[in-house]
Each structure stands twice: as C-alpha cells, then as structure tokens.
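Here's the structure, in structure tokens; my notes come after.
The values are calculated or read from the model by the stated rules, or taken from the named source; none is laboratory data. This one's a predicted model, so the numbers in the text were calculated from it and none came from an experiment. Heads up, the Cβs are rebuilt from the backbone with ideal geometry, glycines too, and the neighbour counts pull from every protein chain shown. Surface areas here come from the heavy atoms of the whole protein model, side chains and all, with no ligands, DNA or RNA. Shrake-Rupley method; radii C 1.70, N 1.55, O 1.52, S 1.80 Å.
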Amino acid sequence: MLTVMFSGAARTVTGSLYYLEYTDSDGSKFNFAVDAGLFQVGQKVNLFKINSRLIFDPKKLDAIVLTHAHLDHCGRIPFLVKNGFGGRIYSTKATKEIAEVVMLDASKHIGEGEMADLVTQTGEIAVDTLDNKDFKINQNKLYTSLDVESALTRFQTHEYHKKFKIHPNIEIEFYDAGHILGSCCVVVTELSTGKQLVFSGDLGNPGKPIIEDPEMIKKVPGLTHIFTETTYGNRVHPIQEPKERLRETINSTVRKKGKILIPSFSVERAQEVIYLIVELMREGQIKNIPIFLDSPMASKVLTIALNHPELYDKDLQAKIKSKSNPLKYKQLQVMDSVAQSKTINSFNGPCIIIAGSGMMTGGRILKHLQFYLDKPENTVIVVGYQAEGTLGRQIVDGIPEVEVEGKMMKVRAQLEIINEFSAHADSKMLKKWITNMIHDKFLPRERVVTVFLMHGEKEASLALGEELEHSLRENIKTYWPKFSETVVLWK
Ligand SMILES: [Zn+2]
C-alpha cells in the first residue's frame with residue numbers, strides 16, 4: 001500500500017514536498033519524501049511559521065528523493081535533518097553540489113525576522129532573493145550551516161537512467177528534466193507489482209542554452225499516477241529569442257558609452273545570460289567589453305556548471321569541441337571578493353555587470369545601482385520575475401524615484417525587460433510531456449492515469465487540467481489536491 005500526503009506546492013507554487021508512506025506486503029513500513037522545499041510565497045503570511053510547521057514526524061522519514069537544487073525544492077532538507085531525519089537523500093551529483101550552495105546561502109537568511117522578506121514568486125522561483133544581504137543576526141533560525149553540513153553527509157548521488165533501490169521493493173530512475181543543471185524527473189517503481197509513479201519535479205523550457213531539453217519518459221507500463229508541475233499551465237511562451245533582445249540593448253547602450261546592469265538570480269539565469277552574451281561577442285554581434293560577474297553565489301554555480309560537461313546539450317558540446325565554450329571567455333571577469341567588486345565602479349567606459357540579487361532586494365546590485373541608476377546613458381536589463389514589494393518591481397513599474405539602501409535615487413537609466421527567459425515548461429510542453437506517457441504503446445489502453453496538478457497558481461493548474469481532460473479524455477483523471485490532504489495511491 002502507498003499513500004501520499006501533499007505537504008507543499010499544493011495550490012501554490014513553492015514548498016514542494018510529497019510525503020509518501022509505503023507498506024510492503026509483509027507489513028513493514030517505509031516513508032519517503034520527494035523534495036523538501038521552502039515555502040516562499042505570501043508576503044502577508046508568516047513564512048517562518050509556515051516553514052517550521054511540519055505535518056509529519058521527520059524521525060519517521062526514511063529517505064528523500066530530490067528533483068533539483070532550487071530553494072523551493074531543497075530548502076527544508078536541513079530543517080528536517082535538524083528535527084531528526086536520519087535517512088539518505090538521493091539526487092544527481094550536480095543537484096547535490098548546487099544544493100550545497102543554495103542551502104548554505106539560505107541558512108544565513110532564514111531567521112524569524114528575515115523570513116518576512118522572502119517574497120512572492122509566482123513565475124520563476126527566486127533562489128537568492130536575499131543573496132549577500134546584510135542580514136540581521138537572529139538566533140531563531142530555521143536551521144544553521146551545521147544542519148546543512150549534516151544534510152550533505154546524507155546525500156547519495158545517481159546518474160540519469162541508472163536505476164537504484166531506496167528500499168528492497170522500490171526502485172527509482174532519474175530522467176533529465178531540462179530545468180536547471182542536474183534537474184530530474186523521478187520514476188518510482190514497486191518491483192513486486194510493476195506499479196509506477198512519475199514526478200515531474202520542475203520541467204524545463206526546451207531550447208534553453210547549456211542543458212538538454214526535457215526528456216520524454218518512455219516505457220512506463222505500470223504507470224498509475226503523474227505528479228506534474230503546472231507553473232505555466234495557462235501560458236504559451238513567446239517564440240522570440242532573448243539573445244536578439246540582449247544584442248539590441250547592449251549595442252544601443254554601448255553607443256551611448258553607458259554601462260549595462262543585469263540583476264540576476266544566481267542559479268541558472270546568470271549562467272544563461274553569460275552564455276548568450278559571450279556568444280554575441282564571439283559572433284561579433286556586440287563589442288568585446290568586460291563582463292563582470294559580481295555574485296559569489298552565481299560564480300560558484302558557474303564553476304559547478306563548468307565541472308559537468310556531461311550534462312551539456314549538443315550545441316554546447318559542439319562549441320567545446322571547437323574551443324569556443326561560452327561559459328569561458330577572456331572578457332568574463334569573476335569578482336568574488338568585495339575588494340574586487342569595488343574596482344568595477346572605477347572602470348571607465350561601457351561594461352556589463354551581472355550581480356545579485358535577482359529582484360534587487362539585496363546584494364551587490366544595490367551598490368552598482370547607486371552609481372549608475374540616475375544616469376540616462378546606462379541600462380538596467382531585467383531578466384527575471386520581479387515580485388510585488390521589491391525594488392525591482394518598483395523600477396519595472398516605472399516609479400521615477402526609488403530608495404536604494406536608504407538613499408533616494410532618480411531612475412534615469414534606460415529599462416529593458418526581457419521576458420523571454422524561462423526555466424519552466426509552458427502549457428504546450430507540459431501537455432506534450434504527459435501525452436507522451438499516456439500514449440506510450442507499453443501502457444495498457446484501458447488504464448486511467450491520475451494526474452495531480454501541483455506547483456501552480458489556481459488558474460494555471462486548473463487550465464492545464466481542463467486541457468488534459470479534454471485531449472486525453474478516458475485515459476486520465478486530473479486532481480487538484482489541497483495542502484495536507486492524503487490520497488491512497490496503491491491499495
Ligand atoms: Zn525549479
């Protein structure tokens with residue numbers, strides 16, 4: 001018997017956590033979770049309280065299977081460890097490495113006082129909302145770096161398509177989710193019966209640089225349930241390429257001899273932006289000006305990406321063969337120390353500054369904004385979602401004067417919003433990914449698969465559900481579970 005308790009990302013986007021209770025035929029019990037993410041949604045609610053409330057006993061949890069290293073998927077792992085979780089954590093190697101960076105950063109920020117600052121993120125998930133923020137010392141932390149260190153000792157890493165057991169009767173297989181480096185979809189199989197579940201984790205947007213496109217899952221004859229994300233269940237992404245927009249904007253700013261500021265999330269987005277800019281430089285489409293990567297967290301993730309060439313897509317593999325890796329370039333300067341960061345502002349002439357945080361709520365971007373925001377020759381390029389209540393949102397909303405670290409600044413720099421970056425599959429891609437499994441020739445025709453609509457706002461989840469029910473009719477049922485609801489999956 002297997003039951004699931006929806007312990008996060010149910011009728012909301014963040015806090016992914018499925019709690020599964022398995023009872024083997026001999027009556028023995030085994031409890032495992034898929035993901036253990038942090039809730040980041042809801043400015044008006046007490047996020048510290050929400051994240052510290054557990055609806056199961058971590059001491060009774062035997063294993064965690066982690067889909068990827070975004071904070072809303074891995075951010076509660078150290079908290080479970082702190083509260084008695086003593087089992088293994090299964091993930092890919094790149095996920096473990098990025099999760100280390102993400103969880104350590106989070107351990108500095110998620111005290112009771114600071115949690116109120118974690119902001120709503122409906123579309124893209126903020127990993128480093130508070131990257132490098134001068135946080136207040138707060139004793140009442142959700143967890144500390146010691147809990148993170150302890151969590152890291154529990155990881156066991158596996159490659160895509162190399163099946164492994166988490167219990168004598170439960171086998172796991174990872175598929176590439178194409179979302180961020182190391183991200184995976186999870187297939188769970190009960191060996192004695194052949195019954196199977198599929199968890200999407202977060203599914204990527206095909207065509208993104210660096211990593212492979214989301215993989216179609218094949219041969220799941222025992223499939224009974226799919227747990228799918230629905231972040232963009234009601235949206236089709238625009239076809240326009242972000243690279244073209246970057247080219248135009250950078251060229252027009254260079255003509256004005258201005259600086260280009262790109263506030264960026266550290267995981268995935270910063271590396272993607274670097275990739276496209278370096279490509280433009282190599283192709284001669286923009287001038288060879290310095291690119292300053294001024295985010296220690298983004299530079300750590302860049303190093304991890306450089307260490308995993310086996311995860312690159314064909315484009316990047318080919319570029320490496322021809323010795324033109326866009327993640328390495330003479331003009332790319334990594335500014336890890338504060339002293340290095342300060343030298344950027346004495347640089348004369350056009351340059352590109354990529355700095356955290358992504359929503360301008362903290363970090364080194366605030367220093368650069370104080371130098372450049374009030375001069376019309378400069379440009380701020382927004383490459384990610386800006387939540388309400390953030391400085392980034394004020395700038396995007398066209399507020400003429402904003403407060404940056406207590407200083408009032410006129411917004412005179414040009415603003416460019418590039419919405420074409422997205423780490424999540426749109427409704428078309430989600431539908432294709434699910435339809436592919438339902439139409440798999442190995443799946444018995446009479447089977448009705450239940451699709452749980454997760455990790456989305458109400459409109460997005462229900463729109464995808466309707467679309468799936470319409471097109472797959474008698475082969476599926478969709479269900480939109482509530483937080484803490486328990487459903488029997490296998491009797
Ligand atoms: Zn994610």
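Details
- When E248, E272 are checked against the criterion of being of a type in the set (D, E), open to solvent by 10 Å² or more (accessible area, probe 1.4 Å) and either on the phi < 0 side of the Ramachandran plot or part of a helix (DSSP H, G or I) (or both), E248 stands alone in meeting it.
- Restricting attention to the range 210-224 and to residues that are open to solvent by 20 Å² or more (accessible area, probe 1.4 Å) and of a type outside the set (K, R), the residue that is farthest from the ligand (Cβ to nearest atom) turns out to be P221.
- Selection within the range 93-117: residues that are open to solvent by less than 10 Å² (accessible area, probe 1.4 Å) and outside any helix (DSSP H, G or I). The member of this set that is modelled with the lowest pLDDT is G111.
- Apart from one condition, I289 fits all of (1) in contact with a Leu (Cβ under 8 Å, 6 or more places away or on another chain); (2) open to solvent by 10 Å² or more (accessible area, probe 1.4 Å); (3) of a type in the set (A, V, I, L, M); the exception is (1).
- Among the conditions (1) acidic (D, E); (2) modelled with pLDDT of 95 or more; (3) within 16 Å of the ligand (Cβ to nearest atom), D72 misses just one, which is (2).
- Any hit, the range 320-339, residues being assigned to a helix (DSSP H, G or I) and within 30 Å of E215 (Cβ to Cβ): yes
- The C-beta contact set for the range 344-363 (first residue within 24 Å of Y385 (Cα to Cα), second residue surrounded by fewer than 20 Cβ atoms within 10 Å (Cβ to Cβ) and at pLDDT below 95, distance under 8 angstrom, 6+ apart or interchain) comprises S357/K133; M359/R393; T361/D117; T361/K133; G362/K133; G362/D134; G363/K133.
- Any hit, the range 434-448, residues being touching a residue at least 24 places away in the same chain (Cβ under 8 Å), within 20 Å of the chain's Cα centre (by Cα) and closer than 24 Å to H68 by Cβ: no
- With respect to the stated conditions, I277 is in contact with a strand residue (DSSP E or B) (Cβ under 7 Å, 6 or more places away or on another chain) and part of a helix (DSSP H, G or I).
- Flag for G207 being away from the ligand (no atom under 16 Å from the Cβ) and modelled with pLDDT under 95: yes
- Qualifying residue in the range 464-482 (condition: surrounded by fewer than 20 Cβ atoms within 10 Å (Cβ to Cβ), closer than 16 Å to G8 by Cβ and of a type in the set (A, V, I, L, M, F, W, C)): yes
- Qualifying residue in the range 21-34 (condition: within 21 Å of I110 (Cα to Cα), in contact (Cβ under 8 Å) with a residue 40 or more places away in the chain and within 16 Å of the ligand (Cβ to nearest atom)): no
- From the options I64, I55, residue that is modelled with pLDDT of 95 or more and out of contact with any Leu (no Cβ under 6 Å at 6 or more places or on another chain): I64
- Any hit, the range 409-419, residues being closer than 26 Å to S183 by Cα, in contact with a helix residue (DSSP H, G or I) (Cβ under 7 Å, 6 or more places away or on another chain) and either in the same structural domain as T230 (by TED's automatic domain parsing) or touching a residue at least 60 places away in the same chain (Cβ under 8 Å) (or both): yes
Conditions (1) in a loop (DSSP other than H, G, I, E, B); (2) open to solvent by less than 10 Å² (accessible area, probe 1.4 Å); (3) β-branched (V, I, T), marked per residue:
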| site | (1), (2), (3) |
| --- | --- |
| M5 | no, no, no |
| A9 | yes, yes, no |
| V13 | yes, yes, yes |
| L20 | no, yes, no |
| D26 | yes, no, no |
| F48 | no, no, no |
| N51 | no, yes, no |
| L54 | yes, no, no |
| K59 | no, no, no |
